[in-house]
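Engineer: One structure is given below, represented as structure tokens, and several questions about it will come after.
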Amino acid sequence: MAGLQERIAQLEGHLARFRHDGVLNLIAGQNVSGSEWFETRSPVDESLIARVALGTAETVDAAAKAAKAAFPAWAALEGEKRKAILQRIADLIEARAEEIALCECWDTGQAWRFMSKAALRGAENFRFFADRAPAARDGQSLPTASHWNVTTRHPIGPVGVITPWNTPFMLSTWKIAPALAAGCTVVHKPAEFSPLTARLLAEICHEAGLPPGVLNLVNGMGEGAGKALTEHPDIKAIAFVGESRTGSMIMKQGADTLKRVHFELGGKNPVIVFDDADLDRALDAVVFMIYSLNGERCTSSSRLLVQDSIAEEFHAKLAQRVKRLKVGHPLDPATEVGPLIHRTHFDKVSGYVEMGCADGATLAAGGKRIGTEGWFIEPTLFTRATPQMRIAQEEVFGPFLTSLTFKDEAEALSIANGVAYGLAGYLWTDDLSRALRFSDALEAGMIWVNSENVRHLPTPFGGVKASGIGRDGGDWSFDFYMETKNTAFALGTHKIQRLGA
Ligand code: NAD
């Protein structure tokens, strides 16, 4: 296995061209630099990675026009042909998986041990939706005595995809692959903190033979390029992953052009541990689901609800594990937690440490900055929090766990549901009836019983309450990117009312 120095040398090789040319936009198959630039810096040491072409409303307009022009031919292309192109994209992602992972680690601060698989998961997303492309237009036959009703599906048109910085490559493929499989064309606006791998994806798509204009890349700020995309009249729908607050802005921005929206937003997901659970497995899952991916994960279990009777022992074991987590350089194979993405995010997470202490929760582990270079923070654990504290209500989005205790099922459920969010929930109990009752009443789009988050692509992914609108995965993705049409064919036998006869 390659060590840190070897990985840094490989990374340098991949970054050279970004350093030379900058990270360019890609519109109608052409590189577009624009007149202004912004910078992307590494969270490891704040060094400049590259300058990035700043997309403006004009850039978005050009990209939307390219997507509109490319739409009729792409939508009309046989499903089998779309499938073949998407499969080639998956092949090329696999071939460049190492480059993608290295760039992602350096741009975001995510540890290699997780990112090395992220590119492969991106390829899997493309393969999954490629296989479904030929059947995307399929509908139903709903006959009556007088009419045959036949439904068909049609791609909605050019769509905008807006993605965040936490696991940018995987999330971009998760949104873009089904859009392309459905026959939509795309304008992608990636997060300004992590532009590198979106550029790699756009290049791969074109190398794989995706026609010009089918996928267009515009980098820029949310309030600039992002806003312009959500307001553009040629863009029929916006698939957005990011903060709940941003989702609500996008809904307003898209109102004049009646945008269809799909939102995957924030979470404050509970993991509930009852005293009858397999506590060793529960502990492993609790630690994994908040400290992997730097806790910068929408489905992280950021609230631990642990039953009174086992709380002391569980907390002691948990604190020990948290203190032993290996924080370090994201390209070091031993690293479990890397630096936070950016200074502003580091300040946000540190602010919650101060808040937790001021509100009277117990700081059982971590909370301090590590070193003076980059945005490393000690994995943090607060115990003995109460449900109304801000650290128990708000999404921190870092390696930061808030633990609360409960006495019985009713109290656990009331705490679990007592937040604005409802993305995921994790339940640990050996009592089957309780698992059924509890999961039925838990307000969340996705629930895992006696498990960490293990994703199965055909299942629906998404949240309730402030965590989102709509579902991804399986056929749910096509429902968003396509319009359903019903055509009624009369058998010529029914009576038609005769007016004015
Ligand atoms: P963010 O909302 O700040 O930004 C996300 C994207 O939206 C970026 O590309 C940004 O430039 C753009 N944007 C910002 N303002 C905009 C505007 N007015 N109009 C159009 N676009 C705009 O989110 P973030 O900080 O990048 O990401 C972290 C958030 O994402 C967390 O809340 C996390 O829970 C959420 N997230 C959710 C899921 C999910 O599946 N539910 C997955 C990953 C991340």
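Engineer: Residue pairs, Cβ under 6 Å, 6 or more apart or interchain, first in segment 439-467 and more than 17 Å from L427 (Cβ to Cβ) and hydrophobic (A, V, I, L, M, F, W, C), second away from the ligand (no atom under 14 Å from the Cβ) and not in a loop (DSSP other than H, G, I, E, B). List them.
Structural biologist: Note: pairs meeting the criteria are L457/F128.
Engineer: Working only within segment 362-414, note down all residues that are of a type in the set (V, I, T) and closer than 28 Å to A111 by Cβ. Steps first, answer last, please.
Structural biologist: Just the residues of segment 362-414 that are of a type in the set (V, I, T), to begin with: 362, 370, 372, 377, 380, 383, 386, 391, 396, 402, 405.
Answer for segment 362-414, where residues must be of a type in the set (V, I, T) and closer than 28 Å to A111 by Cβ: T362, I370, T372, I377, T380, T383, I391, V396, T402.
Engineer: Which one of L401, L413 is among the aliphatic types (A, V, I, L, M) and closer than 21 Å to V327 by Cβ?
Structural biologist: On the way: L413 fails: closer than 21 Å to V327 by Cβ.
The conditions single out L401.
Engineer: In the set R153, R127, which member is of a type in the set (D, E, K, R), in a strand (DSSP E or B) and either over 18 Å from L217 (Cβ atoms) or within 16 Å of the ligand (Cβ to nearest atom) (or both)?
Structural biologist: On the way: R127 fails: in a strand (DSSP E or B).
The unique qualifying residue is R153.
Engineer: Return the residue satisfying two criteria in turn: it lies in segment 162-200 and is hydroxyl-bearing (S, T, Y) and near the ligand (Cβ under 8 Å from one of its atoms), and of such residues it is farthest from Y481 (Cα to Cα).
Structural biologist: Of all residues in segment 162-200, those hydroxyl-bearing (S, T, Y) come to 163, 167, 172-173, 185, 194, 197.
Those still in the list that are near the ligand (Cβ under 8 Å from one of its atoms) too: 163, 167.
Details: T163: 16, T167: 22 Å.
Per the stated criteria, the residue is T167.
Engineer: Working only within segment 63-121, note down all residues that are modelled with pLDDT under 95 and of a type in the set (S, T, N, Q).
Structural biologist: Scanning segment 63-121 gives a single hit, S116.
Engineer: Another question, if that's okay. Which fully enclosed helices (runs of 4 or more DSSP H) of segment 201-306 have 3 or more residues being within 16 Å of the ligand (Cβ to nearest atom) and surrounded by fewer than 24 Cβ atoms within 10 Å (Cβ to Cβ)? Please lay out each step first, then the result.
Structural biologist: Working: elements: 227-231, 244-253, 279-291.
Result: 244-253.
Engineer: Scan segment 291-325 residue by residue and report those that are within 16 Å of F382 (Cα to Cα) and small (G, A, S).
Structural biologist: G295, S300, S301, S302, A311, A316, A319
Engineer: Need pairs with beta-carbon distance below 8 Å; first residue closer than 16 Å to V214 by Cα and within segment 182-194, second part of a loop (DSSP other than H, G, I, E, B) and near the ligand (Cβ under 8 Å from one of its atoms); sequence gap 6+ or separate chains.
Structural biologist: What qualifies is H188/T163; K189/T163; K189/G220.
Engineer: Which count do you get for residues in segment 46-99 that are touching a strand residue (DSSP E or B) at 6+ places or on another chain (Cβ under 8 Å) and farther than 22 Å from A136 by Cβ?
Structural biologist: Of the residues in segment 46-99, 15 are touching a strand residue (DSSP E or B) at 6+ places or on another chain (Cβ under 8 Å) and farther than 22 Å from A136 by Cβ.
Engineer: Taking G367 and the conditions (1) free of Cβ contacts under 8 Å to residues at least 24 places away in the same chain; (2) part of a loop (DSSP other than H, G, I, E, B); (3) out of contact with any strand residue (DSSP E or B) (no Cβ under 6 Å at 6 or more places or on another chain), which numbered condition does it fall short on, given that it satisfies the others?
Structural biologist: With respect to (1) free of Cβ contacts under 8 Å to residues at least 24 places away in the same chain; (2) part of a loop (DSSP other than H, G, I, E, B); (3) out of contact with any strand residue (DSSP E or B) (no Cβ under 6 Å at 6 or more places or on another chain), G367 is out only on (3).
The values are calculated or read from the model by the stated rules, or taken from the named source; none is laboratory data. A quick note: this is a predicted structure, and the numbers were derived from the prediction, not measured. Virtual Cβ from ideal backbone geometry, glycine too; neighbours counted across all protein chains shown.
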